[in-house]
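As structure tokens, the structure follows; a few thoughts come after it.
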Amino acid sequence: MPRTRSAAKQARASIRRQANNKSIKSRLHTLERKFMAAISAKTAKEAAEALRALASALDKAAKTRVIHRNLAMRKKSRLSAHLKTLSAATPAK
């Protein structure tokens, strides 16, 4: 239990931040699953749209320091490599 009023306030703020960060991370995981499902289904157009949404969400999460900026950059790089292999495997019509 917090001993001072400022410590109690900090504990409440910490709980609020934790809930907000959990929500953002959950959304990131959902968007990543959606992207991987599009990759598995071999639909390049849907995968590209999902990657665009995921990259935006990763950048926003990194900007607000929910995740580290290097983690966001690494994920975007690896996921775009997945998309690139899918695009190379299925020629444009």
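So is GLN18 in a helix (DSSP H, G or I), modelled with pLDDT of 95 or more and surrounded by fewer than 11 Cβ atoms within 10 Å (Cβ to Cβ) or not? Spelling it out, GLN18 is indeed in a helix (DSSP H, G or I), modelled with pLDDT of 95 or more and surrounded by fewer than 11 Cβ atoms within 10 Å (Cβ to Cβ). Taking the conditions (1) assigned to a helix (DSSP H, G or I); (2) under 20 Å from the mean Cα position of the chain (by Cα); (3) of a type in the set (A, V, I, L, M) in turn, ALA88 satisfies each one other than (2). Quick check, is LYS75 among the basic types (Lys, Arg), at pLDDT 95 or above and surrounded by 14 or more Cβ atoms within 10 Å (Cβ to Cβ)? Against the criterion (among the basic types (Lys, Arg), at pLDDT 95 or above and surrounded by 14 or more Cβ atoms within 10 Å (Cβ to Cβ)), LYS75 qualifies.
Only one of the numbered conditions (1) of a type in the set (S, T, N, Q); (2) surrounded by fewer than 12 Cβ atoms within 10 Å (Cβ to Cβ); (3) within 20 Å of the chain's Cα centre (by Cα) is violated by THR4, and that is (3). If the condition is being in a helix (DSSP H, G or I), without any contact (Cβ under 8 Å) to a residue 12 or more places away in the chain and over 16 Å from the mean Cα position of the chain (by Cα), then the range 36-80 contributes SER40, LYS45, GLU46.
The values are calculated or read from the model by the stated rules, or taken from the named source; none is laboratory data. None of these values were measured; they are calculated from a predicted model. Quick reminder, even Gly has a Cβ in these numbers, built from the backbone with ideal geometry, and neighbours come from all protein chains shown.
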